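The values are calculated or read from the model by the stated rules, or taken from the named source; none is laboratory data. Being a predicted model, the structure only gives us computed values, none of them experimental. When we count neighbours, we look across all protein chains shown, and the Cβ atoms used for this are built from the backbone with ideal geometry, even at glycine. Each accessible area value is taken on the protein alone, full model and side chains, heavy atoms only, with ligands, DNA and RNA left out. Shrake-Rupley method; radii C 1.70, N 1.55, O 1.52, S 1.80 Å.
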Amino acid sequence: MILIADCGSTKIDWCALKNGKLEKQIFTMGMNAVMLSEEEIRERIAAELIPELGNFAEQISAVFFYGAGCISEEVCSNVAHAIKANISSAETVEVYTDLLAAARSLCGHEPGIACIMGTGSNSCLYDGQAIVQNVSPLGYVLGDEGSGAVLGKLFLGDVLKKQLPAEVCDRFLSEYDLDLLTIIRRVYKEPFANRFLASVTPFLSKNINVPEIHELVYNAFRAFFRRNIRQYTQYESHNVNFIGSIAYYFADVLREAAEAEGCKIGSIVKSPMKGLIAFHS
């Protein structure tokens, strides 16, 4: 039995497979591995995953973990040791970046451009086996164009600076029970500001026909293509494929932005797990 994990900032999707067939799926709290110690990761797995796995934990021979923040040998080693400490039956524990998960899920063994567009955003040029180019996403302060966190940042700034129709601003603040001081506190004083910023994107999706909101999302997506995708070698000859909730729910606007920037959209899916199951099967 093998265990595949797709770890994002918001949640971790764990799937146990036997002979390529899904036996059990578990969701636990998300994490960014670069921000946690090996001990903290081990404790989280012990508290949240192992009780849900039950007897399956003793049958797992291999674990393939794809995670946000798994960007160095040290971080990957910490995650691998934390997993091995909890699942001693696993003879193989391999840890990779969530970007490789996107590439393997979207492209399989074929070359292409793979992107993540959820709470954060990232992209790479994939040759069918490995990531050969990556424009650093830089996070939602310096980069992460088109991500949920950046869309939320831009939208909240426009709400507070009254750049949107008054009716839209008032309806949003009422629906989300927010005011200026609460927003400032959530962004600058409380942890996980990126999650808070991304949490307002359902309002954008619901109101995408408001011209000002459509323009905000459209311009953010154009910035993603311009500042990331167009830097890849021969980007015009590759399909640009996406994984993530923002790409999925704003697919129509994403396609508009891609066309304006001379890029070809391939597949857009919400989660990489189905593709990862196919890849590892």
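Couple of notes before you dig in:
- Inter-label distance for residue 59 and residue 206, nm, one decimal - labels placed 7 Å from Cα along Cα-to-Cβ: 4.3 nm
- By average C-beta atoms within 10 angstrom, highest first, the peptides 148-156, 3-11, 264-272: 148-156, 3-11, 264-272
- Segment residue 77..residue 231, full-extension length gain: 52.3 nm, with 0.36 nm per residue of separation and the alpha-carbon distance subtracted.
- Summed over the residues of the chain and divided among them, the accessible surface reaches 48 Å² per residue at a probe radius of 1.4 Å.
- Taking every C-alpha pair closer than 8 Å and separated by at least 6 residues, the mean separation divided by the residue count of the chain gives a relative contact order of 17 percent.
- Based on C-alpha pairs under 8 angstrom that are at least 6 apart in sequence, the stretch 50-113 has a relative contact order of 40 percent.
- Summing Lys and Arg as +1 and Asp and Glu as -1 over all other residues whose Cβ lies under 12 Å from the Cβ of residue 261 gives a net charge of +2.
- Result for the chain in a Gaussian network model with C-alpha springs under 10 Å: among 167, 39, 261, the largest mean-square fluctuation is at 167.
- Computing FRET efficiency as 1/(1 + (r/R0)^6) for residue 162 and residue 39, where r is the C-beta to C-beta distance and R0 is 45 Å, gives about 0.45.
- Given charges at Cβ of Lys, Arg, Asp, Glu: the chain dipole, positive-most of 112, 205, 63: 205
- Nearest 10 degrees, 0 to 90: helix 251-260 Cα axis against the chain principal axis: 70 degrees
- With the helix formula -39500 (n - 2.57) applied to DSSP H stretches of n ≥ 4, the chain reaches a computed 222 nm mean residue ellipticity of -12000 deg cm²/dmol.
- With one equal scatterer per alpha carbon and no solvent term, the Debye-computed log10 I(q)/I(0) for the chain at 0.07, 0.14 1/Å reads -0.27, -1.01.
- Among 157, 146, 30, residue whose mean-square fluctuation peaks in a GNM of the chain (springs only between Cα atoms under 10 Å): 157
- The stretch 185-232 and the stretch 250-281: distance between their alpha carbon centers, rounded to Å: 17 Å
- For the chain, built as a Gaussian network whose Cα springs stay under 10 Å, the top-fluctuating residue of 85, 33, 16: 85
- Extension gain for residue 48 to residue 141 (0.36 nm times residue separation, less C-alpha to C-alpha distance): 30.4 nm.
- Residue 94 - accessible surface, heavy atoms, 1.4 Å probe, Å² rounded to 10: 60 Å²
- Pairs of Cα atoms nearer than 8 Å and 6+ residues apart set the relative contact order; for the stretch 120-259 it is 26 percent.
- Here the peptides 49-60, 72-83 are ranked by packing, the mean other Cβ count within 10 Å, and the order with the highest first is 72-83, 49-60.
- Distance from the stretch 58-123 to the stretch 138-160 (C-alpha centre basis), Å: 26 Å
- Between residue 223 and residue 188, the distance separating the two model label sites (each 7 Å from Cα on the Cα→Cβ line) works out to 2.0 nm.
- Summarising the amide proton neighbourhood of residue 268: residues at separation of 5 or more, or on other chains, whose placed amide H is nearer than 5 Å comprise 242.
- The alpha-carbon atoms of the stretch 166-281, seen along their principal axes, cover 47, 35, 24 angstrom, with the largest extent given first.
- Rounded to 10°, Cα long-axis angle of helix 73-86 versus longest principal axis of the chain: 60 degrees
- Dipole magnitude of the chain about its Cα centre (Cβ charges: Lys, Arg +1; Asp, Glu -1), debye to nearest 20: 320 debye
- Angle between the chain longest axis and helix 148-160 axis [Cα atoms, degrees, rounded to 10]: 30 degrees
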